[in-house]
């Protein structure tokens, strides 16, 4: 849909979690017995998302630029990383041993990124994760200093197997509750594309509508078979920031590999053995890079924070996003990324320069 012009990898969006729980009455334990109800709502969100995408394609994207100039998009990108930070810290702080393993993993990633020879320098997340995993294995399984890695399920898992598919059911109440998440997906995708544009040094705005449409179609297809709603995956933006590899061919290869691995329960079981401390270290790096990319957008576009109209929206949105400021309206929950995005947009529009102000004359 984007003609191979936007290096982006779609993954599960956290924005659906709250509304899916509300729509299905899920208790949080075991498998959700009413996941089909949620899938119908996710498809509805995909349809709404697609309509917005078509409007952008046919009307243009300038109105989005007006609503979200660099002062705002930088905030949105930074908030994505900051909002996810507690997840990373929580993983790293599971135990004292996990905390040390997270720090060792972070150090390994940093050393690989800076000092590894040649092409290896472009694989800091992978190599740093492997180093952290092996060190954890030595000290936990070898010296019993931490919770040992359990390989029981790995040994039992089959090499080849089919994934489980679930069909959707359509309930007006659930659809009305979940469909508005499309607005958040637009904000997330916009921020991610701006971040990728900042990394690559290319203006990707003209592909916004098509990128939105691709995300919408993917969300509909995913939910039709039992998958989640999708967004441009923030973690992969962090990986691009580290590796500085932006080739869309890589993403096609990654997609094919991911599909094939979906038919390998053994691989899934192997991934499940990665210790939480190692994951915490990796996510601290990735989410931090996303947040830092927001600052990069400000620097590259020379956003002037001596002006209150730029400073105040950024300050409010960053705090809302980092603190996960959540608003609940009629059963619909708007989380930290959403509230931060809308607060930044609204405040900036209220304060934006229409005529010279005395303090800035």
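The values are calculated or read from the model by the stated rules, or taken from the named source; none is laboratory data. Since the structure is predicted, the reported quantities are computational estimates derived from the model, not experimental observations. Don't worry about glycine lacking a Cβ; one is built from the backbone with ideal geometry, like all the others, and counts go over all protein chains shown.
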Output the residues belonging to the range 287-311 that are surrounded by fewer than 23 Cβ atoms within 10 Å (Cβ to Cβ), at pLDDT below 85 and under 30 Å from residue 139 (Cα atoms).
289
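Could you say which residue among 160, 135, 220 is farther than 26 Å from residue 260 by Cα and either in a loop (DSSP other than H, G, I, E, B) or at pLDDT 80 or above (or both)? First the steps, then the outcome.
On the way: 160 fails: farther than 26 Å from residue 260 by Cα; 220 fails: farther than 26 Å from residue 260 by Cα.
So the residue among 160, 135, 220 that is farther than 26 Å from residue 260 by Cα and either in a loop (DSSP other than H, G, I, E, B) or at pLDDT 80 or above (or both) is 135.
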By residue number, the members of the range 161-178 that are exposed (fewer than 15 other Cβ atoms within 10 Å of the Cβ) and touching a helix residue (DSSP H, G or I) at 6+ places or on another chain (Cβ under 8 Å) are 161, 167, 169, 170, 173
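Could you tell me whether the range 179-186 includes any residue that is surrounded by fewer than 24 Cβ atoms within 10 Å (Cβ to Cβ) and in a helix (DSSP H, G or I)?
First, pick out the residues of the range 179-186 that are surrounded by fewer than 24 Cβ atoms within 10 Å (Cβ to Cβ): 179-180, 183, 186.
Within this subset, residues satisfying the condition of being in a helix (DSSP H, G or I) are 183, 186.
Yes: one or more hits.
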So, in the range 27-61, of the ones that are within 30 Å of residue 319 (Cβ to Cβ) and at pLDDT below 80, which residue ends up surrounded by the fewest Cβ atoms within 10 Å (Cβ to Cβ)?
28
Looking at 141, 189, can you tell me which residue is modelled with pLDDT of 80 or more, touching a strand residue (DSSP E or B) at 6+ places or on another chain (Cβ under 8 Å) and assigned to a helix (DSSP H, G or I)?
189
State whether one or more residues within the range 266-284 are assigned to a helix (DSSP H, G or I), under 20 Å from the mean Cα position of the chain (by Cα), modelled with pLDDT of 85 or more and under 14 Å from residue 80 (Cβ atoms).
yes
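Among the residues of the range 196-204, is any touching a strand residue (DSSP E or B) at 6+ places or on another chain (Cβ under 9 Å) and on the phi < 0 side of the Ramachandran plot?
In the first step, residues of the range 196-204 are kept if they are touching a strand residue (DSSP E or B) at 6+ places or on another chain (Cβ under 9 Å); the result is 196.
Subsequent filtering for residues that are on the phi < 0 side of the Ramachandran plot retains 196.
So far as the range 196-204 goes, yes, one or more of its residues are touching a strand residue (DSSP E or B) at 6+ places or on another chain (Cβ under 9 Å) and on the phi < 0 side of the Ramachandran plot.
Of the residues 64, 52, which single one is closer than 21 Å to residue 290 by Cβ and more than 19 Å from the chain's Cα centre (by Cα)?
Details: 52 fails: closer than 21 Å to residue 290 by Cβ.
Going through 64, 52 in turn, the sole match is 64.
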Of the residues in the range 215-233, those that are buried (at least 21 other Cβ atoms within 10 Å of the Cβ) and in contact with a strand residue (DSSP E or B) (Cβ under 8 Å, 6 or more places away or on another chain) come to 215, 219, 229, 230, 231, 232
For the range 311-325, the count of residues that are in a helix (DSSP H, G or I) and over 10 Å from residue 75 (Cα atoms) equals 5
Among the residues of the range 93-113, write down those that are over 24 Å from the mean Cα position of the chain (by Cα), part of a helix (DSSP H, G or I) and more than 15 Å from residue 131 (Cα to Cα).
96, 97
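Is it true that residue 71 is surrounded by 22 or more Cβ atoms within 10 Å (Cβ to Cβ) and part of a helix (DSSP H, G or I)?
On the way: surrounded by 22 or more Cβ atoms within 10 Å (Cβ to Cβ): yes; part of a helix (DSSP H, G or I): yes.
For residue 71, the condition - surrounded by 22 or more Cβ atoms within 10 Å (Cβ to Cβ) and part of a helix (DSSP H, G or I) - is met.
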Examine the range 151-159 for a residue that is in contact with a helix residue (DSSP H, G or I) (Cβ under 8 Å, 6 or more places away or on another chain), touching a residue at least 40 places away in the same chain (Cβ under 8 Å) and more than 30 Å from residue 95 (Cβ to Cβ), and state whether such a residue exists.
yes
